[in-house]
Amino acid sequence: MPYATTGGVSRADMSGNSDWIEISDEQYDEALAGMQAGKIVSVENGFALVDPPAPEEPPALDPEPPGPPTVVTRAQGKAALIQAGLWADVLAYVDAIADPTEQALARVALDDTTEWRRDSPFLATAAAALGLSETQLDDLFVTAAAIIL
């Protein structure tokens with residue numbers, strides 16, 4: 001005699017297992033055909049073939065948090081450097097640039113631009129000279145962007 005349980009059928013003797021119920025040969029054949037067609041055997045309320053449950057929607061992925069800002073105003077940048085105690089170090093770095101043309105360009109970048117960009121070659125060189133890591137530089141930009149003067 002064949003047996004059925006939720007999700008399957010068997011011709012083995014399952015009479016000692018309460019998860020299995022005895023079914024007829026016709027129900028066994030029906031179960032095999034149904035499973036091949038994508039149905040699921042259910043024994044919750046007697047033998048039945050049911051449609052499989054709809055697949056669960058995958059959980060919505062949280063969007064990537066935005067990265068640090070890439071542009072701040074000159075005033076915000078200076079204020080962030082002052083708050084971090086780095087302004088004097090930046091001025092000393094610029095004063096120590098030996099080449100007069102490079103020093104003048106550094107002063108333009110420091111004093112005459114309307115915005116400071118994270119991808120600025122001067123900013124990268126100055127940050128490296130001051131020993132700032134990429135993370136520290138990102139943190140300075142985050143701090144600067146939050147400053148309202």
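The values are calculated or read from the model by the stated rules, or taken from the named source; none is laboratory data. Remember, it's a predicted structure, so these values are computed and weren't measured experimentally. Please note: Cβ atoms are built from the backbone with ideal geometry, for glycine as well, and neighbour counts cover all protein chains shown.
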Residues of the range 93-112 satisfying the condition of being within 21 Å of L132 (Cα to Cα) and either in a loop (DSSP other than H, G, I, E, B) or aromatic (F, W, Y) (or both): Y93, A96, I97
Output for the range 25-43, where each listed residue is more than 38 Å from the chain's Cα centre (by Cα) and surrounded by 12 or more Cβ atoms within 10 Å (Cβ to Cβ): Q27, Y28, D29, E30, A31, L32, G34, M35, V41, S42, V43
Residue selected from the range 44-95 under the condition in contact with a strand residue (DSSP E or B) (Cβ under 8 Å, 6 or more places away or on another chain) and β-branched (V, I, T), by the criterion surrounded by the fewest Cβ atoms within 10 Å (Cβ to Cβ): V50
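If we only count strands (runs of 3 or more DSSP E) wholly inside the range 1-87, which ones have 2 or more residues that are at pLDDT 90 or above and in contact with a Gly (Cβ under 7 Å, 6 or more places away or on another chain)?
Numbers: elements: 3-5, 8-10, 40-42, 48-50, 71-73.
Where strands (runs of 3 or more DSSP E) fall fully within the range 1-87 and carry at least 2 residues being at pLDDT 90 or above and in contact with a Gly (Cβ under 7 Å, 6 or more places away or on another chain), they are 40-42.
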Selection within the range 98-121 - in contact with a Lys or Arg (Cβ under 9 Å, 6 or more places away or on another chain) and surrounded by 14 or more Cβ atoms within 10 Å (Cβ to Cβ): L110, T113, W116
Filtered residues of the range 15-50 (kept if touching a Pro at 6+ places or on another chain (Cβ under 9 Å) and of a type outside the set (D, E)): I23, S24, Q27, Y28, A31, G38, K39, I40
